[in-house]
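What follows is a set of notes on a single structure, which appears directly below.
The values are calculated or read from the model by the stated rules, or taken from the named source; none is laboratory data. Quick caveat: nothing in here was measured; it's all calculated off a predicted structure. FYI the Cβ positions are ideal-geometry reconstructions off the backbone, even for glycines, and counts take in every protein chain you see.
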Amino acid sequence: MGRLDSRRACRAGAVWSAAARDGHAGQTYTPTGPEALTSIDVVATISGAIGADIEFVELSVEQARDQMVEAGLLDDVIDYVIAYGVNPPESAATVLATVEEVTGRPLRTFAQWAAEHADAFRT
């Protein structure tokens, strides 16, 4: 999945808002991060950022459903999340340069983000 740094997404939103006044109204833009990462990639990246081994344990569909029910998620949300996990759309692995083109700045990698937020994962 092409994860996008939330700060970059906010900046892109501001730029797109301004761009709408400069001839981009009605255009459709698809924001993505700079790399497509699996959940295993994300866990490995966080593990590297904090300097500790993290085990990735994939849940069965029923285990995932049970945890989401316990967390209070709505059935429609649970169904969507599970369907997305079991059969993600092709776009989940798509990486586009749209945000970089719109903002004029290079996108930050997940590894950069994880390094900046490593302390949050150590607690």
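Annotations
- Within segment 36-54, the set of residues being closer than 27 Å to Glu90 by Cα and of a type outside the set (Ser, Thr, Tyr) comprises Ala36, Leu37, Ile40, Asp41, Val42, Val43, Ala44, Ile46.
Results for (1) among the charged types (D, E, K, R); (2) within 19 Å of the chain's Cα centre (by Cα); (3) modelled with pLDDT of 90 or more, shown as yes or no for each residue.
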{"site": "Arg21", "(1), (2), (3)": "yes, no, no"}
{"site": "Gln27", "(1), (2), (3)": "no, no, no"}
{"site": "Val43", "(1), (2), (3)": "no, yes, yes"}
{"site": "Glu62", "(1), (2), (3)": "yes, no, yes"}
{"site": "Asp66", "(1), (2), (3)": "yes, no, yes"}
{"site": "Leu74", "(1), (2), (3)": "no, no, yes"}
{"site": "Glu90", "(1), (2), (3)": "yes, yes, no"}
{"site": "Phe121", "(1), (2), (3)": "no, yes, yes"}
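- Test for Ala93: is it small (Gly, Ala, Ser), closer than 27 Å to Pro31 by Cα and in contact with a strand residue (DSSP E or B) (Cβ under 6 Å, 6 or more places away or on another chain): yes
- Of the helices (runs of 4 or more DSSP H) entirely within segment 32-123, those holding at least 3 residues that are touching a residue at least 40 places away in the same chain (Cβ under 8 Å) and small (Gly, Ala, Ser) occupy 110-116.
- Screening Leu107 on (1) more than 19 Å from Thr32 (Cβ to Cβ); (2) surrounded by 13 or more Cβ atoms within 10 Å (Cβ to Cβ); (3) aliphatic (A, V, I, L, M) shows it passes everything except condition (1).
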